[in-house]
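K.L.:
Have a look at this one.
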Amino acid sequence: MILLAELKQFTAQDPSLRILKPWFDVMSDYLNLLMLSVSVFSSTLQAYSDKMLCVPVPPKPLLENVINLTSVHGCQSYFFTSGHKTTMESQYYLMINQWCYEHVIPNYLRFFPYLILVNSSIFLITSNFWFKFPGTLSRIKQFITVLGMCLASPWTTKALAKTMQEERRIHVAPSETKAETPEPINPPVSLIDNTEQPVITEKPEDLPKPPQKQVGFFLEEAESPSVTHRKPKKFIKAVTNKGINVSLFDKKEGEQAKALFERVKNFRLHTEGKSLLYYTYKTQAILRVLLATALFSYVTYHTPDMKYEFYCVEPQNISGYTEFYCVYVPWRMFTMLSVIFLLLLLMYNSICLYTVYWIFHYKLQEYSFEIIRKGSSIDDIPDVINDFAFLLHLIDQYDPLYAWKFAVFLSDVSETKLNQLNMNIYWTQEKLQQRLTINSEGKTEIRLPILPGIPEQLFQLVEIEVLKVEKLKSATLTGDVSNLRMLKELWISNSNIKIGTRALDFLKKNLHILRVSFSSPDEIPSWMYNLSSLRELYISGQVQSESSIDVGLQPFKELPKLKYLYLKLHVSSVPSAIIRLAQTLESLTIHNEYVNLSSVSILKKFTNLKELRLNYCQLDHIPSSIVSLAKLQEVDFSNNNLSFLVELTCLQQLKNLVSLHLSRNNISSIPPHIAKLSSLEKLYINNNHLKSISLAIFKLTRLTCLDFSNNHIHYLPADIGKLVHLKYLSISHNKLTFLPDQLFSCIKLQTLVLSHNKISIISSNTGALTQLTFLDLMENKLEKLPPELENCTYLKRNQLLVEKEIFDTLPYEIRERMNIKNYLTSELVKTEDTTGY
């Protein structure tokens, strides 16, 4: 007798795999076991019971004599005294029974038990084949492991509870402008400003009950409510009402959850590339339908042929009889079992057909988290495809809540929250204090690069004046930023920064300078257009198309205090969005990163501009549209392709122009009509291709700053002496061999840069430059310095740049005096740093 326990090995599998068996697979497995039980019972009955019972049929003449004599003499006495003997040995009967069984009984009736046993075994194999095949089993095991870790992770519950808080703040709050009050559960980092909210509660009887039993690693989920992802809010409320404290999250748990995010990403990358699981499952489902249909048709067709009585003719006449009357003993039982088997097979085939319908009707190679995205604040959960999608469809059939929990680890927002929580544990106030520095402007600044968010403890450092954040995927400035009362400047580099209502109110009143660097126009914060106290705005980034940057800058509103705008956008024309600032802007800088700025006509509307800088714009001429900007005081065309300065004539209409930058162009000569720029005070023509200096420049008698460095100039004209107001002169990196004496008539000179030339002698007239504070003579052909440098009383050793051996040619007294000046100055600086005065 074969016991069902002995067949357990055929169905034995890891209990954790049951989450990948939909209800129809479970039902088919039970039906398969019942069919297998029927087939095992039939086979056992066939093997261990008498199959045939045959009795001989006497010859007809003998039978008639027996009947006549019976009526005269009595049946019993005559039958045993005359006629053919009927006593046969038992082996004869057994042989006849077997012979008739083999030659008379139909094959279907003889092999019926074995037929259904073999087919039931095939059903058993095909139903679980994809759990046994190595190529699929490895992925299934990995998915089960990852899913179990996700469900058991403390971050899952904390993230869902955190989501509920955000939903409650968003959906229940009648107004975002209510006063902030502490909430019952405080997450580590708030996504929006906290506002006073009513507390949502549910009666205990309304809460979903936790499952009583789980399998394997799912035992850790026993305390989690089991609901579908179609009702996420109810679940999350229940989690919160249990009193889960989101802030209680230690460093070890955070690191484990962080590693789990990476594992989920790797698994997704591995499974989304193929559909092996899907096609294996579909193949086995189709195969089961074909086998079940064929078997059902075969059994149904042959079941009516089952008989109880058979007539057998044995031609060998071994026993003395050739004809036998036989009875098939298990007929009644087999008939009943075949009916039962047909009913089971019909139900099994119906479920297999439904499985095939489910496979083809639903798009199992695509899985959307749309419902979850709508039901929570985690709105960036990506849709998945191929084997990953198929596995999620399967666990939906088992328990839709699993996909909801698993989705937490697919979300960049959730990962950012986790990283931010870990960050708050790591970035303490003391550690942040160590990152405070003093910049070149004397302001206290702090730089936060590549963090998952903004540490909470940052808002306790009230001395911060400049805040720099770089490469933050998603961060939020909460109302706590109002603690930084000295904050005036904010840098946002390649970051997505959200802002709460109270934080925006604070920045409106306090922020003066904002610098935004982006890699996508989506990173341009929309709230920056509401900063009514903003005075300087810097926007820098690369754009794929000009239309995208127009969309990004379209919401530009009136910023009444904005005076300076810096744009580095790589566009072919000035963005039309900034036209809204035409009446208030005083300084505009466009840095185009060597992209040709072909259209600047819009600039003529900025009538209040005082400073205009068009750098790296590939300009080959000076735009005529700037002529109408009568208030311009400074024009900067550095780093372009200017070569002929014919348009300089039109600049004479700019009566207030005091500074002109033409450095780093292709200028080889200066036209005479530059002399018409009579109001010019600063002129920069460095890094060009000048071989000589036009005498017209020396007619600009108001010049205080003149830069000819990095050209090919061989001599400095004597007319330099006419520039009596000159304070800064740089003619370094040229080919000068001497200096005209007229240069020393410019007695107001404070900075003189003569390095990298071929000057061999410094005139003793240098002593006439009594206001000189900086002199650079490096890389020349000097042999000595004139002692008259002693008259340059403001000149210190560290401000006299010359080779040491040349400096040593000065008299000892002069050298010591310069060193003493240098020492006293350094000590004074130290004193100022110490006392703060």
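The values are calculated or read from the model by the stated rules, or taken from the named source; none is laboratory data. Since we're looking at a predicted model, the values are computed, not measured. Here the Cβ is made from the backbone with ideal geometry for all residues, glycine too, and neighbour counts use every protein chain on show. Each accessible area value is taken on the protein alone, full model and side chains, heavy atoms only, with ligands, DNA and RNA left out. Shrake-Rupley method; radii C 1.70, N 1.55, O 1.52, S 1.80 Å.
K.L.:
Across region 292-335, which residue is most open to solvent (accessible area, probe 1.4 Å) among those that are within 60 Å of the chain's Cα centre (by Cα) and aliphatic (A, V, I, L, M)?
P.N.:
If we filter region 292-335 for residues that are within 60 Å of the chain's Cα centre (by Cα), which is where we start, we get 292-300.
Then keep just the ones that are aliphatic (A, V, I, L, M); that gives 292, 294-295, 299.
Details: 292: 0, 294: 62, 295: 9, 299: 0 Å².
Filtering first and then ranking leaves 294.
K.L.:
I'd like to know if region 605-619 contains one or more residues that are surrounded by fewer than 16 Cβ atoms within 10 Å (Cβ to Cβ), of a type in the set (A, V, I, L, M, F, W, C) and assigned to a loop (DSSP other than H, G, I, E, B).
P.N.:
no
K.L.:
Being within 15 Å of residue 660 (Cβ to Cβ) and either acidic (Asp, Glu) or open to solvent by 60 Å² or more (accessible area, probe 1.4 Å) (or both) is the filter here; which residues of region 690-703 pass it?
P.N.:
699, 702
K.L.:
Hey, does region 364-383 have a residue that's closer than 25 Å to residue 24 by Cα, of a type in the set (Val, Ile, Thr) and touching a residue at least 60 places away in the same chain (Cβ under 8 Å)? Spell out how you get there, then give the answer.
P.N.:
Residues of region 364-383 that are closer than 25 Å to residue 24 by Cα, as a first pass: 364-369, 371.
Still in the running and of a type in the set (Val, Ile, Thr): 371.
Of the ones still in play, those that are also touching a residue at least 60 places away in the same chain (Cβ under 8 Å) are 371.
Scanning region 364-383 turns up at least one residue that is closer than 25 Å to residue 24 by Cα, of a type in the set (Val, Ile, Thr) and touching a residue at least 60 places away in the same chain (Cβ under 8 Å).
K.L.:
Further question on the same structure: Any residue in region 771-797 that is more than 18 Å from residue 815 (Cβ to Cβ) sitting within a Cβ distance under 6 Å of a residue that is among the basic types (Lys, Arg) and in a loop (DSSP other than H, G, I, E, B)? List the pairs, counting only those 6 or more apart or interchain.
P.N.:
Hits for this filter: 771/748; 781/758.
K.L.:
Only one of 801, 795 is open to solvent by less than 50 Å² (accessible area, probe 1.4 Å), under 20 Å from residue 730 (Cα atoms) and either among the hydrophobic types (A, V, I, L, M, F, W, C) or under 56 Å from the mean Cα position of the chain (by Cα) (or both); which?
P.N.:
Values: 801 fails: open to solvent by less than 50 Å² (accessible area, probe 1.4 Å).
Only one candidate qualifies: 795.
K.L.:
Another question about this same structure. Among the residues of region 272-280, is there at least one that is among the acidic types (Asp, Glu) and part of a loop (DSSP other than H, G, I, E, B)? It would help to see each step written out before you state the result.
P.N.:
Taking region 272-280 first, the residues among the acidic types (Asp, Glu) are 272.
Going one step further and asking which of them are part of a loop (DSSP other than H, G, I, E, B), we end up with 272.
Yes, the conditions are met somewhere in region 272-280.
K.L.:
If a residue counts only when it is at pLDDT 90 or above, which strands (runs of 3 or more DSSP E) contained entirely in region 479-533 have at least 1 such residues? Explain how you work it out, then say what you get.
P.N.:
Working: elements: 489-493, 497-499, 513-518.
Fully inside region 479-533 and qualifying: 489-493, 513-518.
K.L.:
Restricting attention to region 420-465, which residues are under 24 Å from residue 510 (Cβ atoms), assigned to a helix (DSSP H, G or I) and either of a type outside the set (S, T, N, Q) or open to solvent by less than 30 Å² (accessible area, probe 1.4 Å) (or both)?
P.N.:
432, 456, 458, 459, listed by residue number.
K.L.:
Sort out which residues of region 476-487 are in contact (Cβ under 8 Å) with a residue 40 or more places away in the chain and not polar (S, T, N, Q), and write them in order of number. Even if it seems obvious, please write down each step before you answer.
P.N.:
Filtering region 476-487 for residues in contact (Cβ under 8 Å) with a residue 40 or more places away in the chain gives 476, 478-479, 486.
Selection gives 479, 486.
K.L.:
Just a yes or no: is a residue in region 657-666 of a type in the set (A, V, I, L, M, F, W, C), in a loop (DSSP other than H, G, I, E, B) and over 52 Å from the mean Cα position of the chain (by Cα)?
P.N.:
Of the residues in region 657-666, the ones of a type in the set (A, V, I, L, M, F, W, C) are 657-658, 660, 662.
Next cut, in a loop (DSSP other than H, G, I, E, B) only: 657-658, 662.
When the remaining residues are screened for being over 52 Å from the mean Cα position of the chain (by Cα), the result is none.
No, region 657-666 has no match at all.
K.L.:
For region 622-656, name all the residues that are touching a helix residue (DSSP H, G or I) at 6+ places or on another chain (Cβ under 9 Å), small (Gly, Ala, Ser) and part of a loop (DSSP other than H, G, I, E, B). If you could, list the steps in order and put the result at the bottom.
P.N.:
So the first thing to find is which residues in region 622-656 are touching a helix residue (DSSP H, G or I) at 6+ places or on another chain (Cβ under 9 Å), and the list is 622-630, 632, 635, 645-654.
In the following step, the residues that additionally are small (Gly, Ala, Ser) were identified as 624-625, 628, 630.
Scanning region 622-656 gives a single hit, 630.
K.L.:
How many residues does region 760-810 contain that are out of contact with any His (no Cβ under 8 Å at 6 or more places or on another chain) and assigned to a loop (DSSP other than H, G, I, E, B)? Show your work before the answer.
P.N.:
If we filter region 760-810 for residues that are out of contact with any His (no Cβ under 8 Å at 6 or more places or on another chain), which is where we start, we get 760-777, 781-810.
Remaining after also requiring assigned to a loop (DSSP other than H, G, I, E, B): 760-763, 769-773, 777, 781-786, 792-796, 802-803, 808-810.
So the answer is 26.
K.L.:
Still on this model: Please name all residue pairs, on different chains or six or more residues apart, with Cβ atoms under 7 Å, provided the first residue is in region 29-53 and is under 14 Å from residue 330 (Cβ atoms) and assigned to a helix (DSSP H, G or I) and the second residue is hydrophobic (A, V, I, L, M, F, W, C) and modelled with pLDDT under 80.
P.N.:
Final answer for the pair search is 44/1; 44/2.
K.L.:
Let me ask something additional. Filter region 404-419 for residues that are closer than 17 Å to residue 157 by Cβ and either modelled with pLDDT of 85 or more or polar (S, T, N, Q) (or both) and give the result. Quick ask: steps written out before the conclusion?
P.N.:
Filtering region 404-419 down to residues closer than 17 Å to residue 157 by Cβ leaves 404-411, 413-415, 417-418.
Within region 404-419, 411, 414 meet the criteria.
K.L.:
Restricting the search to region 729-751, which residues are of a type in the set (S, T, N, Q) and under 57 Å from the mean Cα position of the chain (by Cα)?
P.N.:
Applying the first criterion (of a type in the set (S, T, N, Q)) to region 729-751 yields 730, 732, 734, 737, 742, 745, 750-751.
Scanning region 729-751 gives 730, 732, 734, 750, 751.
K.L.:
Would it be correct to say that residue 473 is over 26 Å from residue 536 (Cβ atoms), in contact with a Ser or Thr (Cβ under 7 Å, 6 or more places away or on another chain), touching a residue at least 40 places away in the same chain (Cβ under 8 Å) and open to solvent by 20 Å² or more (accessible area, probe 1.4 Å)? Break it down into steps so the answer makes sense when it comes.
P.N.:
Working: over 26 Å from residue 536 (Cβ atoms): yes; in contact with a Ser or Thr (Cβ under 7 Å, 6 or more places away or on another chain): yes; touching a residue at least 40 places away in the same chain (Cβ under 8 Å): yes; open to solvent by 20 Å² or more (accessible area, probe 1.4 Å): yes.
Answer is yes for this residue.
K.L.:
Report yes if some residue within region 387-410 is within 24 Å of the chain's Cα centre (by Cα) and surrounded by fewer than 16 Cβ atoms within 10 Å (Cβ to Cβ); otherwise report no.
P.N.:
Within region 387-410, not a single residue is within 24 Å of the chain's Cα centre (by Cα) and surrounded by fewer than 16 Cβ atoms within 10 Å (Cβ to Cβ).
K.L.:
Determine, yes or no, whether residue 341 is closer than 29 Å to residue 274 by Cβ, surrounded by 15 or more Cβ atoms within 10 Å (Cβ to Cβ) and of a type in the set (Phe, Trp, Tyr).
P.N.:
On the way: closer than 29 Å to residue 274 by Cβ: no; surrounded by 15 or more Cβ atoms within 10 Å (Cβ to Cβ): yes; of a type in the set (Phe, Trp, Tyr): yes.
No, not satisfied.
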